[in-house]
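What follows is a set of notes on a single structure, which appears directly below.
The values are calculated or read from the model by the stated rules, or taken from the named source; none is laboratory data. Keep in mind that what you see is a predicted model, and the values were worked out from it rather than measured. Every residue, glycine as well, gets a Cβ built from its backbone with ideal geometry; the counts of neighbours run over all protein chains shown. For accessibility, only protein heavy atoms count, side chains too; no ligands or nucleic acids. Shrake-Rupley method; radii C 1.70, N 1.55, O 1.52, S 1.80 Å.
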Amino acid sequence: MSSPEIASLSWGQMKVKGCSTMYKDCKVWPGGSRTWDWRETGTNHSPGVQPADLEEVVKKGVKTMVIGRGMSEALQVPQSTVDYLKMNGIDVLVLQTEKAVEEYNALAAQGIRVGGVFHSTC
C-alpha cells in the first residue's frame, strides 16, 4: 500500500489525492489520511508536535516521517519528539510545510513508506 500524494496545499487548505475531504491540518500514511485535530492531544504551537500526535502514523509502519511546521514555521517540534521517532527506527524530516509537502510527495513517488503530519497555516 502506497502513501497518498498530497494533491494541493494553500493557506489553511490541503487536499490528499483520492480523498474528498479538504483538510486544514492532516495526517497521512500508507493507504490513508485524516484530519489532524490538535484538540485530541492538547497540541499548541508551543511546545508543539508531541509523540502522541505521531503514534497513529508510526503504528502504520512508516519508515520516514515528514513534519510540516506551518507556512511561517510557527509550530514547534521538540527534540524529544524527534528522539521518539528515531528510537522507533524512523527517519524524520522537519520542514516548513510547503517544503515538507514537496519532500513527502517525492518520497511517496519513490514508493517509500512515508507518513506525515502537516500544519497548513502559520
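Remarks
- Dipole-positive endmost among I67, S46, W29 within region 6-118 (Cβ charges, Cα centre): W29
- Other residues within the sphere of radius under 12 Å centred on the Cβ of K15, judged by their own Cβ, net out at +1 (K and R +1, D and E -1).
- Estimated FRET transfer efficiency when R0 is 30 angstrom, pair N44-I112 (beta carbons, to 0.05): 0.50
- Note, ³J(HN,Hα) from phi for region 87-99, Karplus 6.51, -1.76, 1.60, rounded to Hz, x at Gly and Pro: 5, 8, x, 10, 5, 9, 10, 10, 9, 4, 4, 4, 5
- GNM top mover of M65, M22, M14 - the chain, alpha-carbon springs below 10 Å: M22
- Among (1) 32; (2) 37; (3) 42, the entry derived from the coordinates for percent of Cα pairs over 20 Å apart: (1)
- Probe 1.4 Å, all protein chains present, accessible-area order of D25, D37, D91, D83, largest first: D91, D83, D37, D25
- Ligands, DNA and RNA aside, L93 has an accessible area near 60 Å² when probed at 1.4 Å.
- Burial order of peptide ranges 94-104, 52-62 (average beta-carbon count within 10 Å, highest first): 94-104, 52-62
- Rounded to the nearest whole Hz, the Karplus-based 3J(HN,Hα) values (6.51 cos²θ - 1.76 cosθ + 1.60, θ = phi - 60°) of region 6-19 follow the sequence 8, 6, 7, 8, 8, 3, x, 9, 9, 10, 9, 4, x, 10, with x at glycine and proline.
- Taking label points 7 Å from Cα along the Cα-to-Cβ direction, E55 and E98 give a separation of 3.5 nm.
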